[in-house]
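These notes are about the structure you will find just below.
Each reported figure results from applying straightforward, stated rules to the coordinates on display, with no laboratory input. Here the structure is a predicted model, which means the values were calculated and not measured. Here the Cβ positions follow ideal geometry from the backbone for every residue, glycine too, while neighbour counts run over all protein chains shown.
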Amino acid sequence: MQKRWLTRSVLIISIVSLLNDASSELLYPVLPIYLAGIGFGAMWIGLIEGIAEAAAGLSKGWFGKWSDMRGERLPFIRLGYLLSAIAKPLIVVFPNIFWALFMRSSDRLGKGIRTGARDAMLAHQSTPENRGKVYGFHRAMDTTGAIIGPALALWWLITHRGENIAYVFYLAFIPGCLSIVALLFLRDHPSTGSKIKMIPKLKNAFSYWKDAPTLYRKVVSGFLLFALFNSSDLFLLLAIRIIHEGTTTCILGWNFTANEIVILYYILYNLVYALLAFPAGYLSDKLNPKTMFMWGIFCYTITYAGFGILLYEGSSPGLIPLILMAVYGLYGALNDGISKAWLSVLIPKEERGAALGFYAGANSIALLFASLTAGLIWSLGSPWIVFTISACLTFVVIFYLATFTQKPAKENQH
């Protein structure tokens, strides 16, 4: 009999992710507006996002390895979500770049603590035949939170125009606290780990690479190549703001400013992402994750090439940016959850915390480079160059994945 994929643990973890993402994404489209308001532009935004993701990156592999050694996942999941819930609203306590960097990094450190353990628990609750559905459902719930959060931010901005935007950050504390309450209902599961209580050495944060299966290393190499020029989505939101700068858009009788339109675009992205994440995971089980992931990268190419052209030509707002943002939502559905489903069939289950943590960590380090580079090019060159370079380089990744990675055979799945 096939194992039931929607277990109690999968459901609770997904609800927690929904609430946490509602908190995070309530702030995400508002963060560049807030930073611009206190005098910081694209280069500083790239620095903050890059360093914050690097903080997460340096911790994901290490905490993932630690959860493997202890044979426990729940303590890491709880601590990680708790730290993020506390750090998010504190960003605006002091309006300076160093405090914003510290709090944003603390939020991402929380993600680093929980990610490897959480993904390993999800993998433990699934089988190779339904793993895409499990990760797809989790991503769909996570992204539903990413619809609720920006919708709350948009409601606040519309109904409290002229008031301090800092209150939006305090509002984010509510769903963050609810996610901690939901975690009280989650239970740990027996692990095949060695239950070693010692703390792993810091060098173990990235030590999994040398012992990893060959195919895992090939696939991760392709993922990291892509991550090296896949900068923070904040730059995409800044591009949308540039396109709508100085305009007021009327939708269903409501007039939206450029800042509010940015949030509407972000809601559209997450809506498409949430609706398609589970079907994408289901199809990856029926077909294979590699095919779905490569289609996702192609959607990324279309989006970035399109925004590069719009910025270069100085185009006025219209349907094209909306269509491109919807395509980007499809990219999201075909990327994050499916990449983890693909990797999880390439590694033994007792190594999943370290393996998925290593990938998430190395991916964050690559994002540091990508965001810093994008911020530099944006400031010294032009925004359209950032998007054009990224669109062109994706063809290198597609070629690499098509040529140097093979379809995982059923007998090699764990």
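The modelled label-to-label distance for the pair Thr127/Arg217, using points 7 Å beyond Cα in the direction of Cβ, is 3.2 nm. In plain terms, the bigger the Kirkwood radius, the slower the diffusion; for region 6-70, with that radius from Cα pairs, at 20 °C and 1.002 mPa s, Stokes-Einstein puts D at 147 µm²/s. Applying 1/(1 + (r/R0)^6) with R0 = 30 Å to the Cβ-Cβ distance of Leu322 and Met43 gives a FRET efficiency near 0.60. Consider a paramagnetic label point 7 Å from the Cα of Cys392 along Cα→Cβ; state which residues of region 355-378 have an amide N under 18 Å from it. Correct set: 370, 373-378.
Axis angle, to the nearest 10 degrees, between helix 8-27 and the longest C-alpha principal axis of the chain: 20 degrees.
Placing R0 at 45 angstrom, the Cβ-Cβ distance between Phe399 and Leu6 gives a FRET efficiency of 0.75 after rounding to 0.05. Kirkwood's formula applied to the C-alpha pairs of region 32-151 gives a hydrodynamic radius of 15.8 angstrom.
A cut-off of 5 Å between modelled amide H atoms, ignoring neighbours fewer than 5 places along the same chain, links Phe256 with Thr249, Cys250, Ile251. Report, in listed order, any pair from Lys290/Lys349; Lys88/Lys349; Lys133/Lys349; Lys60/Lys340; Lys218/Lys349 with a Cα-Cα distance greater than 23 Å. Violating the 23 Å limit, Cα to Cα: Lys88/Lys349.
Taking a Cβ cut-off of under 10 Å around Ala153, the surrounding Lys, Arg, Asp and Glu residues balance to a net charge of -2, with basic ones at +1 and acidic ones at -1. Relative contact order for region 211-329: 29 percent, from Cα pairs under 8 Å spaced at least 6 residues apart, divided by residue count.
Highest average first, the peptides 64-74, 224-234, 95-105 ordered by how many other beta carbon atoms sit within 10 Å of their residues are 64-74, 224-234, 95-105. Label point of Trp209 set 7 angstrom out along Cα-Cβ; within region 351-371, amide nitrogens under 19 Å from it belong to 352-371.
Extension gain for Leu287 to Leu376 (0.36 nm times residue separation, less C-alpha to C-alpha distance): 28.0 nm.
The long axis of helix 319-333 is offset from the longest Cα principal axis of the chain by roughly 20 degrees. Between the listed residues Val262, Ala366, Phe235, the Cα displaced farthest toward the positive end of the dipole of the chain, a dipole computed from Cβ unit charges relative to the Cα centre, is found at Ala366.
Per-residue ellipticity at 222 nm for the chain, helices alone: DSSP H runs ≥ 4 residues times -39500 (n - 2.57), over residue total, nearest 500 deg cm²/dmol? Here the helix-only value at 222 nm equals -24500 deg cm²/dmol. Taking a ≥ b ≥ c as the square roots of the eigenvalues of the Cα gyration tensor, an a/c ratio of 1.5 or more together with a/b larger than b/c marks the chain as prolate. Taking the C-alpha atoms only, the angle from helix 42-70 to the longest principal axis of the chain is near 20 degrees.
In units of the rule-of-thumb radius 2.2 N^0.38 Å, region 102-143 shows an alpha carbon radius of gyration of 1.40.
When Leu26, Leu311 are arranged by Cβ crowding within 10 Å, least crowded first, meaning fewest neighbours, the order is Leu311, Leu26.
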